[in-house]
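Report on the following structure.
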Amino acid sequence: MIEGNTHINGLYMKQGENGWGIYCNNDIKSGELIERAIMYRLKNVDGNENPHLFTWSDDRTLWAGGTGFSPFYNHSNDPNIIKKGDLDNDVLEYYAGRNIKKGEELVGAYFSKRWRTCFKSF
């Protein structure tokens, strides 16, 4: 059974150096589940042009949107969160990749950054 969105209390959005991002009001321990986003598959869209969509197939032909904060985690070459996608069940989970201190921005690695045109500028 898939549960709905799960958030650690204290996550919030604010504008930072990289635009809107997700921050925490409390410390988060390494390995802790931060968010479980339900993904919804989209038709007739091009995720190469829209940075708020997710590549949702191994062959890069399917795109999805996500619930909760999922579209707003920014990219970093030094990420503090890890994404784990379950393509079959349309779930994307975010975990702390290390201990995260109160006030830090939660950032992950955009694996499609190398090939998606919408990410060419960063």
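Miscellaneous remarks
- Residues (within 12 Å of Gly65 (Cα to Cα) and surrounded by 14 or more Cβ atoms within 10 Å (Cβ to Cβ)) located in the range 21-40: Ala37, Ile38, Met39
- Test: residue in the range 15-23 that is among the aromatic types (Phe, Trp, Tyr) and either more than 15 Å from Phe111 (Cβ to Cβ) or assigned to a strand (DSSP E or B) (or both): yes
- In the range 53-75, residue farthest from Met13 (Cα to Cα) [restricted to those that are part of a loop (DSSP other than H, G, I, E, B) and among the hydrophobic types (A, V, I, L, M, F, W, C)]: Leu62
- Here Lys102, Lys113, Lys84 are screened, and the one residue that is within 10 Å of the chain's Cα centre (by Cα) and surrounded by fewer than 15 Cβ atoms within 10 Å (Cβ to Cβ) is Lys84.
- Leu106 being within 17 Å of Ile28 (Cα to Cα), part of a strand (DSSP E or B) and at pLDDT 95 or above: yes
The values are calculated or read from the model by the stated rules, or taken from the named source; none is laboratory data. Treat the numbers as computed from the prediction; the structure is a model and nothing was measured. Because the Cβ atoms are built from the backbone with ideal geometry, glycine has one as well, and the counts that use them run over all protein chains shown.
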